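Report on the following structure.
Bear in mind these aren't lab numbers, they're just calculated from the coordinates by the rules spelled out. Treat the numbers as computed from the prediction; the structure is a model and nothing was measured. No Cβ is skipped: glycine too gets one built from the backbone with ideal geometry, and neighbour counts run over all protein chains shown.
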Amino acid sequence: MSFLISLFVVLHMICWAVALGTWVASARTRVPNKGMAHAAAGALVFGIVLAALVSIAYDPNHMKLGIKLIVAIIAVVLAYIADRKGEQTPSAVWFGIPTAIIVNVIVAVFV
């Protein structure tokens, strides 16, 4: 079980890194890349699976998992909104994406 949890942690973090990396790569032109939304959605799915595995094996911090879930959903929704709007993405949506990703990582590390 420990290997499976570690595997999903790695996949979860890789997806967040790809989502943030694709945002940084397209930050100058502000034309969103489809990979950003897909990577954020992948991170959300891997996070849900990871939360289920951790709940089976250990006694998790449910408050932390709930906060991370809400912030991840916000990041995914913003990424898909940006993907749909294209170059006309509002600034609040555009800059909300990396903010949500970074908040999610901060909650994971420090809470």
Local electrostatic count at A37 - Lys and Arg +1, Asp and Glu -1, tallied over other residues with Cβ under 14 Å: +2
field: Volume in Å³ per residue [convex hull over Cα atoms, computed for the stretch 17-65]
entry: 73
message: Relative contact order of the chain, please, whole-number percent, based on alpha carbon pairs below 8 angstrom and at least 6 residues apart.
response: 29
- prompt: If you keep only loop residues by DSSP, which chymotrypsin sites (Phe, Trp or Tyr not before Pro) in the stretch 5-106 have at most 11 other Cβ atoms within 10 Å of their Cβ?
  reply: Y58
- request: Please identify the helices of the chain, taking whole runs of DSSP H, that span at least 30 Å along their own axis as judged from the Cα atoms and have a mean Kyte-Doolittle score of -0.5 or higher.
  value: 2-25, 34-57, 62-85
query: Mind listing P(r) for the chain? All alpha-carbon pairs, 5 Å bins, whole percents.
result: 2, 13, 24, 24, 16, 10, 7, 3, 1, 0
Nearby lysines by direct alpha-carbon distance to K34 (threshold 22 angstrom, same-chain neighbours under 8 apart not counted): K85
- prompt: Tell me, in nm to one decimal, what length is gained between I102 and A25 on full extension, where the rule is 0.36 nm per residue of separation less the Cα-Cα distance?
  reply: 26.1 nm
statement: About its Cα centre, the chain carries a charge dipole, from +1 on Lys and Arg Cβ atoms and -1 on Asp and Glu Cβ atoms, whose size in debye to the nearest 20 is 260
task: Enter the per residue convex hull volume of the stretch 33-89, computed from alpha-carbon coordinates, in Å³ rounded to the nearest integer.
output: 53
